[in-house]
Amino acid sequence: MDLIGPHPVLEFARGEKVSFSLDGRAMEGFEGEPIAAALHANGVKVYRHTPLMGRPRGFFCAIGKCSSCFMVVDGVPNVRTCVTPLAKGMRVETQEGRGHIPLPGGEVA
Ligand code: FES
């Protein structure tokens with residue numbers, strides 16, 4: 001007797017395996033899974049360091065409601081990686097402090 005039968009929560013397609021980078025290091029994950037999940041599967045637990053004390057932060061709520069998983073993704077800071085889907089070739093960086101937005105001409109905001 002099956003205790004768990006077909007159910008929509010248990011039936012989801014996994015995306016294709018894709019490459020991305022973390023701080024310049026090559027990593028692999030599955031397209032469409034949260035970036036943070038792919039990092040966790042690669043053994044990465046620290047996603048950013050706090051602005052004042054430089055303390056490490058990683059997964060906390062995992063539903064997009066805090067700021068623990070902020071990272072710089074393709075040059076954009078403060079991306080909630082626990083709810084942002086992974087895509088092929090993404091450039092993910094550990095965020096230091098509040099992060100800085102690159103401006104045209106090489107300046108940062
Ligand atoms: S872990 Fe809380 S927003 Fe991502």
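The values are calculated or read from the model by the stated rules, or taken from the named source; none is laboratory data. Being a predicted model, the structure only gives us computed values, none of them experimental. Every residue, glycine among them, receives a Cβ derived from its backbone with ideal geometry; neighbour counts consider all protein chains shown. For accessibility, only protein heavy atoms count, side chains too; no ligands or nucleic acids. Shrake-Rupley method; radii C 1.70, N 1.55, O 1.52, S 1.80 Å.
Things to note:
- Test: residue in the stretch 16-30 that is aliphatic (A, V, I, L, M), at pLDDT 95 or above and part of a loop (DSSP other than H, G, I, E, B): no
- Taken over the stretch 55-83, the residue count meeting the criterion of being more than 8 Å from the ligand (Cβ to nearest atom), on the phi > 0 side of the Ramachandran plot and open to solvent by 40 Å² or more (accessible area, probe 1.4 Å) is 2.
- Matching residues in the stretch 50-78 - criterion: being in a strand (DSSP E or B) and closer than 18 Å to residue 91 by Cα: 70, 71, 72, 73, 76, 77, 78
- Failed item in (1) within 16 Å of the ligand (Cβ to nearest atom); (2) surrounded by fewer than 16 Cβ atoms within 10 Å (Cβ to Cβ); (3) without any contact (Cβ under 8 Å) to a residue 40 or more places away in the chain; (4) not in a strand (DSSP E or B), with residue 46 passing the rest: (3)
- Filter pass, residue 26 being small (Gly, Ala, Ser), within 16 Å of the ligand (Cβ to nearest atom) and either surrounded by fewer than 17 Cβ atoms within 10 Å (Cβ to Cβ) or over 13 Å from residue 92 (Cα atoms) (or both): no
- Which numbered condition residue 87 misses (of (1) within 16 Å of the ligand (Cβ to nearest atom); (2) surrounded by 15 or more Cβ atoms within 10 Å (Cβ to Cβ)): (1)
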